[in-house]
Amino acid sequence: MLNPERIPKSLIPLIPLVEKWGIGDDFEREEAVSKASLSELQELVHSIDKIKGVDLYGWLGTPLSPGSKPSQEYVAFTCFTMAFDSAKLKLKRM
């Protein structure tokens, strides 16, 4: 379960989808995307329509302090963006 206090406020609405698609294992994430229905893919791809890119990618692009580890939330959102990109490609090919 992701802690909303560790996530920028504008990204909190994405938590349910990030928990579903922010799969850390590349193979498992790609398998989930490949098995997703058309409506699931569309939901994933359109989930960030109302999110400012700077809010999501600005947060993910913020350098970590030397020696610090990324939070569970940071990793989940990063994996979510990978699922998002895969879903976009799959929809484009359909």
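The values are calculated or read from the model by the stated rules, or taken from the named source; none is laboratory data. For clarity, every value in this text was computed on a predicted model and none was experimentally measured. Cβ: placed from backbone, ideal geometry, glycine included. Neighbour counts: every protein chain shown.
List of remarks:
- Hits in the stretch 58-94 - residues which are touching a residue at least 12 places away in the same chain (Cβ under 8 Å), surrounded by 12 or more Cβ atoms within 10 Å (Cβ to Cβ) and either farther than 20 Å from GLU28 by Cα or touching a strand residue (DSSP E or B) at 6+ places or on another chain (Cβ under 8 Å) (or both): TRP59, LEU60, SER71
- Index of the failed condition, ASP55 passing every other in (1) under 18 Å from ASN3 (Cα atoms); (2) buried (at least 18 other Cβ atoms within 10 Å of the Cβ); (3) in contact with a Ser or Thr (Cβ under 6 Å, 6 or more places away or on another chain): (2)
- Every residue from the stretch 37-94 that is hydrophobic (A, V, I, L, M, F, W, C) and under 12 Å from TRP21 (Cβ atoms): LEU41, LEU44, VAL45, ILE48, ALA76, PHE77, CYS79, PHE80, MET82, ALA83, PHE84, ALA87
- Residues considered: VAL75, VAL45. Of these, the only one that is within 19 Å of LEU2 (Cβ to Cβ) and of a type in the set (A, V, I, L, M, F, W, C) is VAL75.
- In summary, ARG6 fulfils each of the numbered conditions (1) touching a helix residue (DSSP H, G or I) at 6+ places or on another chain (Cβ under 6 Å); (2) surrounded by 12 or more Cβ atoms within 10 Å (Cβ to Cβ) with the single exception of condition (2).
- The stretch 28-42 residues that are buried (at least 16 other Cβ atoms within 10 Å of the Cβ), paired with ones that are not in a helix (DSSP H, G or I) (beta carbon under 7 Å, 6 or more apart): ARG29/ILE23; ALA32/ILE23
- Of all the numbered requirements in (1) of a type outside the set (S, T, N, Q); (2) touching a Lys or Arg at 6+ places or on another chain (Cβ under 9 Å); (3) exposed (fewer than 11 other Cβ atoms within 10 Å of the Cβ), VAL45 misses one, and that requirement is (3).
- Residues that are modelled with pLDDT of 95 or more number at least 3 in the following helices (runs of 4 or more DSSP H) confined to the stretch 1-92: 15-21, 26-35, 38-46.
- The residue that is nearest to the chain's Cα centre (by Cα), counting only those in the stretch 9-38 that are more than 18 Å from TRP59 (Cβ to Cβ) and basic (Lys, Arg), is LYS20.
- Reported count of residues in the stretch 53-89, each being of a type in the set (Phe, Trp, Tyr) and more than 11 Å from the chain's Cα centre (by Cα), is 1.
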